[in-house]
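**Q** Below is one structure. I have some questions about it.
The values are calculated or read from the model by the stated rules, or taken from the named source; none is laboratory data. None of these values were measured; they are calculated from a predicted model. Neighbour counts run over all protein chains shown; Cβ positions are idealised from the backbone, glycine included.
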Amino acid sequence: MKKNLAIFAVLALFTPFFLIFLGYSYGYHNYKKARVQPIAFTHKIHVGQLNMKCTQCHLYADKGPFATTPPLSVCKTCHVDQGVKANSPQIQKLTAHIQGKLLGELPPETEGQLAHAKIPQTIHDILKKNGTNLSEKSTVRFVSSNEWEILDGKKLWTVKKEQNKLKLYSNKPPYIEWKRIHRIPYVSNVGFTHKRHVRYFLPRYLQQILEKKQIKDFYSLPSSQREELEKQALKQTCYQCHGQVEQMTIPRKVSPLKMGWCITCHVKHNAPRDCWTCHQ
Ligand code: HEC
Ligand code: HEC
Ligand code: HEC
Ligand code: HEC
Ligand code: HEC
């Protein structure tokens, strides 16, 4: 009986600590959790193997507050126009997002009508067959000599000339809803901007690389070499906050993005720490 009581006492004493530990370790490890994305894109191939530059896809990482995920036109240049891995089911899914769903083929005379911005009867017919009646307000927009858009309110269809045939595609949205991984907890209107951070760190990392390689006159190097060095410096700029994405199958957070994390670095680099720098 005394023994049982002792065990009970020990349990009673340590259970709260154990629960706190569990909760803490859950919260601590949870932010590292990766997410399943609509398409199995990976930085391992595109950055690790192909050595692409971060801003080739994250177009605004050095220009604005948000880095942004890439427009599908970037993926299109390789996976549709050049047919890279076109047979892979993942790329077929990607292509379906880019091209929309094929609704039907149009007779060649349609081209003239589209050039004159009239919506031909054949298009009305095909869409009706698919359950849509175009409204009076619908219009045609010229995109390029091989492509037109048909707009009806917010809905969109495209006509494309492919191998001398005209094809009508559905209004599938031309973007992929990637699940967002990094997001500052929504409190107190915190304003984070990539541009300021990237522009601060990029030249400093470049300087470090040049010193390490003992390069004295950067501007005397051939432009291809300069670009390569800048690419490496940009990578390191992103990696200090995001970790080495080129080694991750799916990016995950390497930091919980809490206030302490921001402040620690601001202290280290003597950046502003007034509350209103970050809380607007
Ligand atoms: C070929 C295009 C491409 C290149 C090049 C690229 N990325 Fe990405 N990146 C994506 C796509 C697509 C996503 C969204 C899918 C995902 O999360 O994997 C993404 C997601 C991310 C995310 C997670 C965003 C979030 O939701 O929080 C980070 C961080 C990131 N990229 C950093 C980088 C860095 C750093 C580089 C350069 C070393 C880089 N990327 C190069 C296409 C690219
Ligand atoms: C510079 C050319 C290029 C661009 C731009 C590009 N990719 Fe790729 N992608 C490749 C190459 C090359 C491979 C590897 C093909 C192989 O394994 O042989 C690949 C592989 C992939 C795979 C894996 C396919 C599989 O089944 O193995 C996916 C998914 C993918 N890319 C998605 C994307 C997405 C989404 C974008 C736009 C954000 C994009 N790619 C932009 C060249 C590119
Ligand atoms: C000083 C730290 C820091 C640096 C450097 C940094 N990021 Fe970020 N990144 C963040 C934070 C914080 C968020 C979440 C922002 C939010 O919630 O608004 C984020 C979000 C993102 C996202 C998803 C949301 C978005 O903005 O579109 C992408 C993609 C991304 N970063 C890519 C990059 C790339 C590429 C680079 C390098 C060119 C880079 N980041 C450099 C801290 C950083
Ligand atoms: C890796 C280090 C680092 C991290 C992490 C970091 N910062 Fe910064 N931040 C800096 C540096 C350095 C500057 C100063 C840049 C300059 O002088 O141009 C700065 C500047 C800023 C500025 C502009 C200050 C001004 O004068 O207006 C804001 C806002 C800001 N950071 C917000 C944040 C927030 C919010 C976070 C966390 C989500 C964060 N930072 C995380 C290094 C960092
Ligand atoms: C370098 C950027 C930065 C500075 C400077 C900063 N904060 Fe924050 N603060 C953040 C970020 C990012 C968050 C959201 C993430 C979190 O909850 O930790 C936050 C969250 C908070 C929260 C909400 C916490 C919660 O969990 O609800 C309070 C309160 C706060 N900050 C107060 C302050 C005060 C007071 C100052 C000035 C002494 C200050 N902050 C300076 C970045 C900053």
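**Q** Quick check: is even one residue across the stretch 181-196 in contact with a strand residue (DSSP E or B) (Cβ under 6 Å, 6 or more places away or on another chain) and under 30 Å from residue 39 (Cβ atoms)?
**A** yes
**Q** Could you grab the pairs with beta carbons closer than 6 Å, sequence gap of 6+ or different chains, first residue in the stretch 256-280 and over 14 Å from residue 241 (Cβ atoms), second one more than 11 Å from ligand 3 (Cβ to nearest atom) and modelled with pLDDT under 95?
**A** Filtered contacts from the stretch 256-280: 279/188; 280/189.
**Q** Select from the stretch 76-106 the residues that are more than 19 Å from residue 42 (Cβ to Cβ) and surrounded by 15 or more Cβ atoms within 10 Å (Cβ to Cβ) and list them in ascending order.
**A** Within the stretch 76-106, 99, 100, 103, 104, 106 qualify.
**Q** Looking only at the stretch 161-172, decide whether some residue is assigned to a strand (DSSP E or B), at pLDDT below 90 and surrounded by fewer than 16 Cβ atoms within 10 Å (Cβ to Cβ).
**A** Among the residues of the stretch 161-172, at least one is assigned to a strand (DSSP E or B), at pLDDT below 90 and surrounded by fewer than 16 Cβ atoms within 10 Å (Cβ to Cβ), which makes the answer yes.
**Q** When the stretch 119-160 is examined, which residues are found to be surrounded by 15 or more Cβ atoms within 10 Å (Cβ to Cβ), among the polar types (S, T, N, Q) and in a loop (DSSP other than H, G, I, E, B)?
**A** 132, 138
Each row is one residue, and each column tells you yes or no for (1) under 30 Å from residue 36 (Cα atoms); (2) within 14 Å of ligand 4 (Cβ to nearest atom); (3) in contact with a helix residue (DSSP H, G or I) (Cβ under 8 Å, 6 or more places away or on another chain).
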position	(1), (2), (3)
209	no, no, yes
251	yes, no, yes
257	yes, yes, no
275	no, yes, no
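**Q** Tell me whether the stretch 250-267 contains one or more residues that are touching a Phe, Trp or Tyr at 6+ places or on another chain (Cβ under 7 Å), among the β-branched types (Val, Ile, Thr) and within 12 Å of ligand 1 (Cβ to nearest atom).
**A** Checked against the condition, which is being touching a Phe, Trp or Tyr at 6+ places or on another chain (Cβ under 7 Å), among the β-branched types (Val, Ile, Thr) and within 12 Å of ligand 1 (Cβ to nearest atom), the stretch 250-267 yields no hits at all.
**Q** Sort through 83, 64 and tell me the only one that's in a loop (DSSP other than H, G, I, E, B) and more than 16 Å from ligand 3 (Cβ to nearest atom).
**A** Residue meeting the stated conditions: 83.
**Q** Mind checking which residues of the stretch 182-212 are exposed (fewer than 10 other Cβ atoms within 10 Å of the Cβ) and in a loop (DSSP other than H, G, I, E, B)?
**A** Result: 183, 186, 187, 189.
**Q** Going through the stretch 224-280 one residue at a time, which ones are within 23 Å of residue 205 (Cα to Cα), surrounded by fewer than 12 Cβ atoms within 10 Å (Cβ to Cβ) and of a type in the set (Gly, Ala, Ser)?
**A** Result: 224, single match.
**Q** In this structure, does residue 177 turn out to be within 16 Å of ligand 2 (Cβ to nearest atom) and in a helix (DSSP H, G or I)?
**A** For residue 177, the condition - within 16 Å of ligand 2 (Cβ to nearest atom) and in a helix (DSSP H, G or I) - is not met.
**Q** Going residue by residue through the stretch 87-101, is there one that turns out to be under 30 Å from residue 265 (Cβ atoms) and more than 16 Å from ligand 1 (Cβ to nearest atom)?
**A** Within the stretch 87-101, none of the residues are under 30 Å from residue 265 (Cβ atoms) and more than 16 Å from ligand 1 (Cβ to nearest atom).
**Q** Next question. Looking for something among the aromatic types (Phe, Trp, Tyr) and over 27 Å from the mean Cα position of the chain (by Cα) - is there at least one such residue anywhere in the stretch 124-144?
**A** yes
**Q** Which one is farthest from residue 197 (Cα to Cα), of the residues in the stretch 46-68 that are touching a Ser or Thr at 6+ places or on another chain (Cβ under 8 Å) and surrounded by 15 or more Cβ atoms within 10 Å (Cβ to Cβ)?
**A** The selected residue is 57.
**Q** When the stretch 27-58 is examined, which residues are found to be within 15 Å of ligand 3 (Cβ to nearest atom), at pLDDT 95 or above and more than 17 Å from residue 228 (Cβ to Cβ)?
**A** Matches in the stretch 27-58: 41, 42, 43, 57, 58.
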